[in-house]
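Accompanying notes for the structure given below.
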Amino acid sequence: MVPNVIRLKSGQCETVFDLEDLMRLIQERMGYEARCLLEELTGPKPDDAEYIEHLEKENQKLREHHREVMQALRVQSETIARLIREPEIDRKTLSTTAGVIGKITWREINVG
């Protein structure tokens, strides 16, 4: 992190590398109560913690859904690969497999 140089009212310069340095400086110049107030004003709110937890759960659900969709597509692509290796093309199975892929992708594009 690039340090920031702050010139105080007294003319003295202080180097601040991170938030902890700034908090220390505030405590030294303005007192412990000012530091506590700033931490309270800038810290996470109880509602924020609940919202973050909600977002993390939603993110996990989306990841699980994505994995399920990718696994379903993988199964269908393996079916197509197997059909391609066959000496004679089974058009009905190939068409059914393409239809399944179409349904999966349509649902993801339009519903997801």
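The values are calculated or read from the model by the stated rules, or taken from the named source; none is laboratory data. The structure presented is a predicted model; accordingly, all values stated were derived computationally and were not measured. Positions of Cβ are generated from backbone atoms using ideal geometry, with glycine treated the same way; all protein chains shown enter the neighbour counts. All accessible areas refer to the heavy atoms of the entire protein, side chains included, with ligands and DNA or RNA removed. Shrake-Rupley method; radii C 1.70, N 1.55, O 1.52, S 1.80 Å.
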Starting from the range 8-60, pick out the chymotrypsin sites (Phe, Trp or Tyr not before Pro) whose DSSP state is loop and whose Cβ has at most 13 other Cβ atoms within 10 Å.
-> Phe17
Stretchable slack from Leu83 to Ile6, in nm (0.36 nm times residue separation minus alpha-carbon distance) | 20.7 nm
Determine the share of the chain's accessible area contributed by carbon and sulfur atoms, expressed in whole percent, with a 1.4 angstrom probe.
-> 57 percent
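Based on the Cβ-Cβ distance from Asp48 to Leu22, what FRET efficiency comes out when R0 is 22 Å, to the nearest 0.05?
So the FRET efficiency works out to roughly 0.55.
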List the relative contact order of the chain as a percent without decimals, with contacts defined as Cα pairs under 8 Å and 6+ residues apart.
-> 12 percent
Find the accessible area per residue for the chain; the probe is 1.4 Å, ligands and nucleic acids are left out, and the unit is Å².
-> 85 Å²
Report, as a whole number in µm² per second, the diffusion coefficient that Stokes-Einstein gives for the chain at 4 °C and 1.567 mPa s using the Kirkwood radius over alpha carbon pairs.
-> 65 µm²/s
Residue ranges of DSSP H helices in the chain that stretch 24 Å or more (Cα, own long axis) and have mean Kyte-Doolittle hydropathy of at least -1.0 are 91-110
Roughly how many debye, to the nearest 20, is the charge dipole of the chain about its Cα centre, given +1 on each Lys and Arg Cβ, -1 on each Asp and Glu Cβ, and no other charges?
-> 680 debye
With no solvent and one equal point scatterer placed on each C-alpha of the range 1-47, evaluate the Debye formula and give log10 I(q)/I(0) for q = 0.18, 0.30 Å⁻¹, two decimals.
-> -0.61, -1.10
Which lysines have a Cα lying under 25 Å from the Cα of Lys61, excluding residues fewer than 8 positions away in the same chain?
-> Lys45, Lys103
Trypsin sites (Lys or Arg not before Pro), restricted to the range 6-112: which are DSSP loop and have at most 10 other Cβ atoms within 10 Å?
-> Lys9
Size of the dipole of the range 14-60 about the Cα centre, Lys and Arg at +1 and Asp and Glu at -1 on the beta carbon, nothing else charged, in debye to 20?
-> 180 debye
